[in-house]
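The block underneath contains the structure these notes are about, expressed in structure tokens.
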């Protein structure tokens, strides 16, 4: 936790001309106590969810509550202008992938169904809104960002691609990572983009054809086949400016 | 497992003018049975450890043994010309990091001690040679590579940097990832390189100074602080040509 994210429910007195006050408990308090080993008078980096970042001083520290006085003024880091369309990964990977996407600054994540996504993956408790939110917050806290990404679940490939995808991606360069493509993945894009990443085992030809029909370019990363959790940071790093 | 790696102990009859024969059991057999759901007559991609890659046909499949007839002829993918010096990560991350480094084609990995590496991390069973080897093989199988990386453990920072590092890095561009640097991490290097990555909490100033003294350039990745397991693929992707 490199940034303590304050949510509206934590804020006792909003920041305006004078410092704000917030009270936190639960996971964040435990982390401040056990990892930061902080005491009254210590300062911490804080941010308001979807707002600015700044510094807080601990003014009261009790067993189950921590009170902070804080000021803001620093904008969060620039978002990554890449929307990610990801075939729903297996639950164990999903959790880490949410953290990675949030930490890298992706602000729009679509989890979609494809032929090779196991149906049971859609039943995982990690897809409950509160579970998604928790993993995204961990990613924001890690990277020092405040802006919550949006997550969209698309459980049917065909209507998603045919009816909604074009509208969601106006003005974006459209790429699909596909190991059998002849075209090397570009680097350092200068325009906003959408990147589609398949499941373990890849997209089936029909899915790639539909994406190409809707304006996607197939690109590859070389001979090596990477796991989704590695391919995501590798691709985003390569595309980002 | 996108490639079945054959080790010398598996090979019953070596490949030369005629096809080779190998017999496997254990984890790889279970994977072929449960994930590939293969049967006699099916073909699999195989490679000889540190050798070429090719195709195998299953000629016998029993409950606890699988016999293959195989031919080779395809060289493994080019290695990544980047040596990685990594402050020993926490055990849970170490395991995945070995897989990622092997999958991305890194062939020389130094795990080193630094001030912020917890001493207990050096006691993990994941550092036993057989455990390291297993994770590296998983990474090679994932990426379809055959060439086993070398792993060097350096439990004392100062003698490693002063006595051995210069000789190990002759002719390489030397980079240390350090969030407080003013210099952006370069992209697409054209020469071999060594990349030093610190522990959670980073290198201490003394460590960075020593690395700089021995020819390292400090580089950053922007404002976001990434976990080691994300920073590794992000940095390698950015530096690779």
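Every condition in (1) more than 14 Å from chain B (Cβ to nearest Cβ); (2) out of contact with any strand residue (DSSP E or B) (no Cβ under 7 Å at 6 or more places or on another chain) is met by residue A:143 except one, and the failing one is (1).
Considering every residue within region B:5-15, establish whether at least one is under 20 Å from residue A:201 (Cβ atoms), exposed (fewer than 14 other Cβ atoms within 10 Å of the Cβ) and not assigned by TED's automatic domain parsing to the domain that holds residue B:153. Walk me through how you get there before you give the answer.
We begin by selecting, within region B:5-15, every residue under 20 Å from residue A:201 (Cβ atoms); these are B:5.
Pick out the ones that are also exposed (fewer than 14 other Cβ atoms within 10 Å of the Cβ) and you get none.
No; the residues of region B:5-15 include none that is under 20 Å from residue A:201 (Cβ atoms), exposed (fewer than 14 other Cβ atoms within 10 Å of the Cβ) and not assigned by TED's automatic domain parsing to the domain that holds residue B:153.
Which residue is nearest to residue A:133 (Cα to Cα), if the candidates are limited to region A:13-44 and must be touching a residue at least 24 places away in the same chain (Cβ under 8 Å) and assigned to a strand (DSSP E or B)? Taking the candidates together, the pick is A:24.
Of all the residues in region B:207-229, those that are more than 17 Å from residue B:83 (Cα to Cα) and touching a helix residue (DSSP H, G or I) at 6+ places or on another chain (Cβ under 9 Å) number 9.
How many residues, within region B:53-80, are away from chain A (no Cβ under 14 Å) and either touching a residue at least 12 places away in the same chain (Cβ under 8 Å) or within 23 Å of residue B:148 (Cα to Cα) (or both)? The qualifying residues number 18.
Considering (1) in contact (Cβ under 8 Å) with a residue 12 or more places away in the chain; (2) more than 10 Å from chain A (Cβ to nearest Cβ), the lone condition that residue B:232 does not fulfil carries the number (2). Here residue B:85 fulfils each of the conditions (1) on the phi > 0 side of the Ramachandran plot; (2) touching a strand residue (DSSP E or B) at 6+ places or on another chain (Cβ under 8 Å) apart from (1).
Can you tell me which residue among B:230, B:166 is part of a helix (DSSP H, G or I), assigned by TED's automatic domain parsing to the domain that holds residue B:109 and within 29 Å of residue A:139 (Cβ to Cβ)? Outline the logic, then answer.
Numbers: B:166 fails: within 29 Å of residue A:139 (Cβ to Cβ).
Checking each option against the conditions leaves just B:230.
If only residues of region B:198-229 that are within 23 Å of residue A:188 (Cα to Cα) and in contact with a strand residue (DSSP E or B) (Cβ under 6 Å, 6 or more places away or on another chain) are counted, the one that is nearest to the other protein chains (Cβ to nearest Cβ) is B:219. Scanning region A:205-217 for residues that are under 30 Å from residue A:55 (Cα atoms), at pLDDT 95 or above and assigned to a loop (DSSP other than H, G, I, E, B) turns up nothing. Out of the residues in region A:172-192 meeting the condition of being crowded, with 20+ Cβ neighbours inside 10 Å and outside any loop (DSSP other than H, G, I, E, B), tell me which one is nearest to the other protein chains (Cβ to nearest Cβ). Result: A:177.
Matching residues to (1) surrounded by fewer than 19 Cβ atoms within 10 Å (Cβ to Cβ); (2) within 14 Å of another protein chain (Cβ to nearest Cβ); (3) under 30 Å from residue B:40 (Cβ atoms); (4) at pLDDT below 95:
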position	(1), (2), (3), (4)
B:82	no, yes, no, no
B:92	yes, yes, no, yes
B:109	no, no, no, no
B:113	no, no, no, no
B:117	no, no, no, no
B:128	yes, no, no, no
B:132	no, no, no, no
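When residue A:151 is tested against (1) in contact with a strand residue (DSSP E or B) (Cβ under 6 Å, 6 or more places away or on another chain); (2) surrounded by fewer than 17 Cβ atoms within 10 Å (Cβ to Cβ), exactly one condition is not met: (2).
The values are calculated or read from the model by the stated rules, or taken from the named source; none is laboratory data. What you are looking at is a predicted structure, and each value in this text was computed from that prediction instead of being measured. Virtual Cβ from ideal backbone geometry, glycine too; neighbours counted across all protein chains shown.
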